[in-house]
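Before any comments, here is the structure.
Each reported figure results from applying straightforward, stated rules to the coordinates on display, with no laboratory input. Source: prediction; values computed, not measured. Cβ: placed from backbone, ideal geometry, glycine included. Neighbour counts: every protein chain shown.
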Amino acid sequence: MTAKPFRTIEEQLKILRSRGLIIDDEARAGAFLYRNNYYRISGYSLTLRENDRFFEAASFQDIAEIHDFDHEFRSILFQQLLTIEVQIKSMYAYEFAKIHAPADYLNDAFFTDKKAN
């Protein structure tokens, strides 16, 4: 894989513009690129382009909104997954303690898959 050369934020914006992306606020788009990385945000633009050419009305704002939606959606999912994780661990600990002695969770023999060894 050939390494891509370093491009300044201004050069990155120029590339995006040359591919047809509408950039209304260059300072804001540049700050967004600086914080989020050109290659990271390029994934958010996949639905806005074809063969490295942006569709006619595609704007940098569209990319930012897709990014922000994804960020918020992942945050919500992560919060819910944390709740599920705590509940599963709690139920497992309860059922384990119901069968074994209180300190048996310290005994690694109860957590070894003998078939895997």
At a Förster distance of 30 Å, what's the computed FRET efficiency of T47 paired with E26, Cβ-Cβ distance as r, to 0.05?
-> 0.85
Seen from all sides and averaged, what is the projected area of the convex hull of the Cα atoms in segment 9-111, in nm²?
-> 10.2 nm²
Points 7 angstrom from Cα along the Cβ direction at F78 and I15: gap in nanometres?
-> 2.7 nm
Between V86 and R40, Cβ-based FRET efficiency (R0 30 Å, step 0.05) works out to 0.50
Considering the options L21, T2, S75, tell which one lies farthest towards the positive end of the dipole of segment 1-77, charges being +1 on Lys and Arg and -1 on Asp and Glu at the Cβ, about the Cα centre.
-> T2
Each residue of segment 4-16 in order: what ³J(HN,Hα) in whole Hz does its phi give by Karplus 6.51 cos²θ - 1.76 cosθ + 1.60, θ = phi - 60°, with x for Gly and Pro?
-> 7, x, 4, 10, 5, 4, 4, 5, 4, 5, 5, 4, 4
Enumerate the amide H contacts of R49 below 5 Å, restricted to partners 5 or more residues apart or on another chain; note that Pro and chain-start residues carry no placed amide H.
-> F55
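So what is the relative contact order for segment 23-117, in percent, with contacts set as C-alpha pairs under 8 Å and at least six apart?
21 percent
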